[in-house]
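Q: Take a look at the following structure, please.
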Amino acid sequence: MPGGDEMAMKKLDVEVKEPKLIVEVKEPQLVVPAESTPHLVYFLNNLDQNIAVSMRTVYFFMAREEKKHEDPAPVIKDALSKLLVHFYPMAGRLGISEDFKLQVDCQEQGAVFVEATANKCIAELGEISSPTPFMRELVYEFPNAKNILEVPPLIVQVTTFKCGGFSLSLHNNHCMMDGLSANEFLQAWGELARGVDITHPPHIDRSVLRSRDPPRVEFPHHEFDEIEDLSGGELLMGDSLVYKNFILTPDDLEAVKKAILEDGAIQKVSTFEALTALTWRARTQAMDMPLKQKTRLLFAVDGRSKFDPPLPEHFFGNGIVLTCAITTAAELTQQPLSYAVKLVQDAIAMINDDYMRSALDFYELTRSRPALVATLLVTTWLRLPFHTVDFGWGYPMSTSPACLPDREVILFTSCGKGRRSVKILLAMPSQESMEKLDNDLRCYGVQSSEAADSWLLREHPILRRNT
């Protein structure tokens, strides 16, 4: 833990509305498991190695009349201590093995827990369902960390607002858990906070996903290929990004699917396939890529049920496998949208046990990580019920990433009545390119969110790829 002035209470100012939002952050504490846990070096498999990036998410909870005299921070902190008995690697520290892989040193070092107070009500913040500039102030950043090894795997901040509501933020490394595991982690945490037993204890052992000996690469893995940037560096983008939300209602989604199926090239299309193909095509066109430029789509498929045998129930870790599609900007933008959908469907179809084992072995031999030049990386929360996490104050009024983990990432989340609408959050390198994207999506009936216009964020050094 840092010491001296770095640990002292500090005030963080950020413009939201006049007057400023002021978040007073108290001294961080270490929360250790409530009971003794194994002291060991915890194995991280090759799927974990590939996505060792920091994730920052924020959950907002409304005040409740019956809870007005109860401080949420101690309740959540006490439950976290109990939770770490079951998820003890989250209380460890990342390290490097002799063969230069990430591992976790489990010695009950503890998760970092921070209490904070804000001078505003949640309702005064404006947009809270997407990353906005103030969101970063609700997530604790470990001081002076130069790389992910110096950042504890789990950092929590609970910020109480004047209205009695509060936010809970998680700053964790993706190598520790994917979205499905994160949801089970949060649901179990909420159960302990409400005084009930954990419904689904985690399966902690990840050794089922060890690479084969000797490793066998039996498929091409284009997700790791380097793509030449024919634009002279323009595709790399600058430090300033323009973010925007796009909303599709159930009727909008049906209209997009109907348009995709009109030419008869494919017979069916899922919501994910339609959204992914539509966004990939529109973004490529808006960025004015050279027609000969190769463009890659990268996304994760849940492999839990696709391994043979399937992964153990409630497997804790990363059970997702990256798959990809590659084409040229000309083919993608000039062919019907059904062409892009077919590429997405083919990328999903190739995921089976043989392919995933080959991917594990490919990393074992190469230590390669996915390259992101001319790449769109799609992530989805559409099937992740983060909105049902309950610490005793009811379901969150909003859940959101505090930032996208990389500039090439787009995120799908559910929203609206019955959570039947879909929100697309993405970044573009300029206002001009965002307007081009907006116009292209409008051709399919997609509207940008009226709740929040596009906003510009200049990348903070902590958001770069080394953390």
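Q: Would you please name the chymotrypsin sites (Phe, Trp or Tyr not before Pro) within the stretch 44-132 that are DSSP coil residues with at most 15 other C-beta atoms within 10 Å of their C-beta?
A: 100
Q: What FRET efficiency comes out for the pair residue 68/residue 387, r = Cβ-Cβ distance, R0 = 25 Å, nearest 0.05?
A: Plugging the Cβ-Cβ distance into 1/(1 + (r/R0)^6) gives 0.60.
Q: Sort 171-178, 146-153, 135-142 by packing, meaning the average of other beta carbons within 10 Å per residue, with the highest value first.
A: Ranked by mean Cβ neighbours within 10 Å, highest first: 171-178, 135-142, 146-153.
Q: If you don't mind, there's one more thing I want to ask. Between residue 334 and residue 219, 0.36 nm times their residue separation minus their Cα-Cα distance comes to what?
A: 38.5 nm
Q: Just one of [x] 22.1, 67; [y] 22.9, 77; [z] 26.4, 84 is Rg and Dmax of the Cα atoms in Å as worked out from the coordinates here. Which one is it?
A: [x]
Q: For the pairs 294/436; 77/417; 257/417; 101/146, flag any whose C-alpha to C-alpha distance is greater than 23 Å.
A: Over 23 Å Cα-Cα: 77/417.
Q: Something else: Calculate for the chain the 222 nm mean residue ellipticity that helices alone would give, adding -39,500 (n - 2.57) per DSSP H run of length 4 or more and normalising by residue count, nearest 500 deg cm²/dmol.
A: One gets -7000 deg cm²/dmol as the mean residue ellipticity at 222 nm.
Q: Using label points projected 7 Å from each Cα along Cα→Cβ, tell me how many nm separate residue 203 and residue 105, to one decimal.
A: 3.0
Q: Then there is this: Give the relative contact order (percent, whole number) for the chain; include only Cα pairs under 8 Å separated by 6+ residues.
A: RCO, the chain: 22 percent.
Q: Please give, to one decimal in nm, the separation of the simple spin-label points placed at residue 305 and residue 352, each 7 Å out from Cα toward the Cβ.
A: 1.7
Q: With a Förster radius of 51 Å, plug the Cβ-Cβ distance of residue 30 and residue 251 into 1/(1 + (r/R0)^6) and report the FRET value to the nearest 0.05.
A: Plugging the Cβ-Cβ distance into 1/(1 + (r/R0)^6) gives 0.50.
Q: Please state the charge dipole magnitude for the chain, taken about the Cα centre, from unit charges on C-beta atoms (+1 on K and R, -1 on D and E), reported in debye and rounded to the nearest 20.
A: That gives the chain a dipole magnitude of about 480 debye.
Q: Report, in debye and to the nearest 20, how large the dipole of the stretch 4-208 comes out about its Cα centre when Lys and Arg carry +1 and Asp and Glu carry -1 on their Cβ.
A: 360
Q: Could you let me know the centre-to-centre spacing of the stretch 333-362 and the stretch 286-306, using Cα atoms, in angstrom?
A: Using only Cα atoms, the two centres lie 9 Å from each other.
Q: Got a sec? Which residues in the stretch 367-396 would a label at residue 123 touch, if it sits 7 Å along Cα→Cβ and we count backbone N under 19 Å?
A: Only 394-396 fall inside the zone, counting backbone N under 19 Å.
Q: How high is the relative contact order of the stretch 34-169? Use alpha-carbon pairs under 8 Å, at least six apart in sequence, and give a whole percent.
A: 35
Q: Where the centre of each part is set by its Cα atoms, how far does the stretch 392-440 sit from the stretch 98-147, in angstrom?
A: The stretch 392-440 and the stretch 98-147 have Cα centres spaced 20 Å from each other.
Q: Related question: Using Cβ-Cβ distances only, list the Cys residues of the chain with no partner cysteine under 4.7 Å, sorted by number.
A: Singleton cysteines: 106, 175, 324, 403, 415, 443.
Q: Using a simple spin-label model with points 7 Å from Cα along the Cα→Cβ vector, what separation in nm is obtained for residue 147 and residue 98?
A: Output for this residue pair reads 2.0 nm.
Q: Kyte-Doolittle cut-off -1.0, length cut-off 15 Å along the helix's own axis using Cα: show which whole DSSP H helices in the chain pass.
A: Long hydrophobic helices here: 72-86, 179-193, 250-261, 271-286, 337-349, 353-366.
Q: First check a/c for the stretch 174-318, with a ≥ b ≥ c the square roots of the eigenvalues of its C-alpha gyration tensor; if it is under 1.5, answer rounded, and if not, answer prolate when a/b is larger than b/c or oblate otherwise.
A: Prolate shape, in that a/c is at least 1.5 and a/b is the bigger ratio.
Q: Further question: Given the options 39, 434, 422, identify the residue whose Cα lies farthest towards the positive end of the charge dipole of the chain (+1 on Cβ of Lys, Arg; -1 on Cβ of Asp, Glu).
A: 422
Q: Quick check on packing: order 66-72, 155-161 by the mean number of other C-beta atoms within 10 Å, highest mean leading.
A: 155-161, 66-72
We did not get these values from a lab; they are worked out from the coordinates using the rules stated. Since the model is a prediction, treat every value here as computed from it, not as a measurement. Note that we place each Cβ from the backbone using ideal geometry, even for glycine, and neighbour counts take in every protein chain shown.
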